[in-house]
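Below: the structure, in structure tokens.
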Amino acid sequence: MNYRILIVDDSPLLRATARRAVLQAGAAPENVREAQNGREALDLLQKQPADVVLLDINMPVMDGFQFVEEKAKLPALAGVRVALVTTEGNRKRLERMTQLGVEHYLRKPFEPEELRSLVQTMFEAR
Amino acid sequence: MADLCGSNGVVVGVADMAVARESQGQLITYALGSCIGLSAFDPIARIGGLLHYMLPQPGEQADPKTLKANMYASTGIPNLLRRLLEAGAVQNRLVLCAAGGAEILEGAAGMAIGKRNRTILRKVLWKVGVQLAAEDTGGSIARTMSLDLGKGEVRIRTREKDGLLWAPGMRVTVPRNIEP
Amino acid sequence: MNAVTADSFAGLVGVALERMAFVVTEPVEQTPAEVLVKAAAHAVIDLSGPRDYVVTVSATAGMVREIASGMMGMDSDEIDVDDHGRATVGELANILGGELVMLLTNGDEPMALGLPRDATDEEAGELLDRAQAHGFCCVLGSEAGSLLVAVGER
């Protein structure tokens, strides 16, 4: 499968779990990249876009909210689809994310199989 | 060891496992209370397997030489998959279904074997990298599970219902812990 | 803001461990101090809102191995506690901090969750004292190890 995924989370444990889910969903290993915060993610995407971003909110340097706001200002990244994978549960903040184009939301603690299913759903809808 | 059931099926007993081909008709296991039945079917090779495990994993003191691998999820599930691959099945074609994991014993507080068996099932499948197509687990009554090796259909029977859990053409979705 | 008890929070901790890491836990007889002394790693996270809290997570080596191996699909003995301990308790603090926010606010009131940070044995001990004076603790155990979660008012 050619889907390019970017996993954005400051937790190496979460990134490893998400990587496993993404590979089991059918992505090729060479198409899966990781970033530790929103700034790193934006820099990577501007060098080489991804099809899907799995995005944590609570991160240092640039959090997930700021990433989504910044991404919305970059037309080159308009086709990059975002799923939040986060502890965040505040309704107003999540509504704002939806208004900025975030497509899916999976709240931590999640079952790893749920993350795999979410990624499969995003692949199938492409 | 699993037994032949007439000429039309292989009965898988408690803490047991069998792999069979289309000509053997069906695989069936009874009395899935807190135990879990895990079926796997390769629709191209027409090979199927059924495991009936009782407990999550062996204790630390267990002797590997005398260990009954199919009694436990942690050893039985890899066993089932290995036997299927040896018989010619292909792992990423396998359709897996699970049934059982109920809480049967009233007053067995603190044991919750059914729940532990359901959790270990998820854990081992995640580790091996395969996913369930369907499951009928949890609740409080016993189930019978059968895999039709010709049609690939998985059927669940309880004292209250008798229906298809999965059939070819059904979308791979996993309803979680359906109450009977 | 909703009231939170040790029991309600312990329930959430148990569910979180089972969902994310396939770890089945139950309340155990050990005291918080007993788990603290055996812990291989500690992490702390702050909650800021109408009231402020601090959540401290302390896990024994066996619990670290069980959680990390479950999530990453590995065998327990493949987990190096020195490599994975901080990441494991850190992410747990993040998740459990988030669960506490939801329990307190139902997603309606604004409450900020800080970033998880490492804690020394001494700091974890001080935070345990604070939680026992103004807050609560949960001690959970699995077949592999133990977990202490201390919630104190800041």
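Number of residues in region C:104-130 that are closer than 30 Å to A:Asn37 by Cβ and buried (at least 18 other Cβ atoms within 10 Å of the Cβ) equals 8.
State yes or no: is A:Asp51 in contact (Cβ under 8 Å) with a residue 60 or more places away in the chain, out of contact with any strand residue (DSSP E or B) (no Cβ under 6 Å at 6 or more places or on another chain) and of a type outside the set (A, V, I, L, M, F, W, C)? The answer is yes for A:Asp51. Counting only residues that are without any contact (Cβ under 8 Å) to a residue 24 or more places away in the chain and more than 12 Å from B:Phe41 (Cβ to Cβ), region B:140-172 holds 11 of them.
When region A:66-88 is limited to residues that are crowded, with 21+ Cβ neighbours inside 10 Å and of a type outside the set (A, V, I, L, M, F, W, C), the one that is farthest from C:Ala112 (Cα to Cα) turns out to be A:Lys71. Of everything in region B:53-92 that is outside any helix (DSSP H, G or I) and β-branched (Val, Ile, Thr), the residue that is surrounded by the fewest Cβ atoms within 10 Å (Cβ to Cβ) is B:Thr66. If C:Glu91 passes every condition in (1) under 17 Å from C:Glu153 (Cα atoms); (2) surrounded by 21 or more Cβ atoms within 10 Å (Cβ to Cβ) but one, which one does it miss? Going through (1) under 17 Å from C:Glu153 (Cα atoms); (2) surrounded by 21 or more Cβ atoms within 10 Å (Cβ to Cβ) one by one, C:Glu91 breaks only (1).
State yes or no: is C:Ala43 in a strand (DSSP E or B) and either on the phi < 0 side of the Ramachandran plot or surrounded by 18 or more Cβ atoms within 10 Å (Cβ to Cβ) (or both)?
Numbers: in a strand (DSSP E or B): yes; either on the phi < 0 side of the Ramachandran plot or surrounded by 18 or more Cβ atoms within 10 Å (Cβ to Cβ) (or both): yes.
Yes.
Does C:Ala41 satisfy the criteria of being at the interface with chain A (Cβ under 10 Å from one of its Cβ atoms), closer than 15 Å to C:Ala119 by Cα and among the hydrophobic types (A, V, I, L, M, F, W, C)? Taking the combined requirement at face value, the residue does not satisfy it. Exactly one residue among A:Leu84, A:Leu94, A:Leu42, A:Leu106 is within 14 Å of chain C (Cβ to nearest Cβ) and in a helix (DSSP H, G or I), and that residue is A:Leu94. Within region A:26-35, identify whether any single residue is without any contact (Cβ under 8 Å) to a residue 12 or more places away in the chain and within 14 Å of chain C (Cβ to nearest Cβ), and answer yes or no. Checked region A:26-35: no residue is without any contact (Cβ under 8 Å) to a residue 12 or more places away in the chain and within 14 Å of chain C (Cβ to nearest Cβ). Kindly check whether there is at least one residue in region C:60-69 that is closer than 22 Å to C:Gly141 by Cβ, more than 8 Å from chain A (Cβ to nearest Cβ) and touching a Leu at 6+ places or on another chain (Cβ under 6 Å). Yes: region C:60-69 contains one or more residues that are closer than 22 Å to C:Gly141 by Cβ, more than 8 Å from chain A (Cβ to nearest Cβ) and touching a Leu at 6+ places or on another chain (Cβ under 6 Å). Quick check on region C:96-103. Is at least one of its residues small (Gly, Ala, Ser), modelled with pLDDT of 95 or more, surrounded by 21 or more Cβ atoms within 10 Å (Cβ to Cβ) and outside any strand (DSSP E or B)? Yes; the residues of region C:96-103 include at least one that is small (Gly, Ala, Ser), modelled with pLDDT of 95 or more, surrounded by 21 or more Cβ atoms within 10 Å (Cβ to Cβ) and outside any strand (DSSP E or B).
Looking only at residues of region A:1-23 that are modelled with pLDDT of 95 or more and part of a loop (DSSP other than H, G, I, E, B), we find that the one that is farthest from the other protein chains (Cβ to nearest Cβ) is A:Arg4.
Here region A:45-64 is the region considered, the condition is being more than 12 Å from the chain's Cα centre (by Cα) and not in a loop (DSSP other than H, G, I, E, B), and the residue that is farthest from C:Leu103 (Cα to Cα) is A:Lys47.
Look at A:Asn37 and say whether it is within 18 Å of A:Met122 (Cβ to Cβ) and surrounded by fewer than 22 Cβ atoms within 10 Å (Cβ to Cβ).
Working: within 18 Å of A:Met122 (Cβ to Cβ): no; surrounded by fewer than 22 Cβ atoms within 10 Å (Cβ to Cβ): yes.
Criteria not met by A:Asn37.
Name every residue in region C:90-127 that is at the interface with chain A (Cβ under 8 Å from one of its Cβ atoms) and touching a Phe, Trp or Tyr at 6+ places or on another chain (Cβ under 8 Å), in order of residue number. Matches in region C:90-127: C:Glu99 only.
The values are calculated or read from the model by the stated rules, or taken from the named source; none is laboratory data. On a predicted model such as this, the values are computed, not experimentally measured, just so you know. Cβ coordinates were reconstructed from backbone atoms using ideal geometry, including for glycine residues, and neighbour counts include every protein chain displayed.
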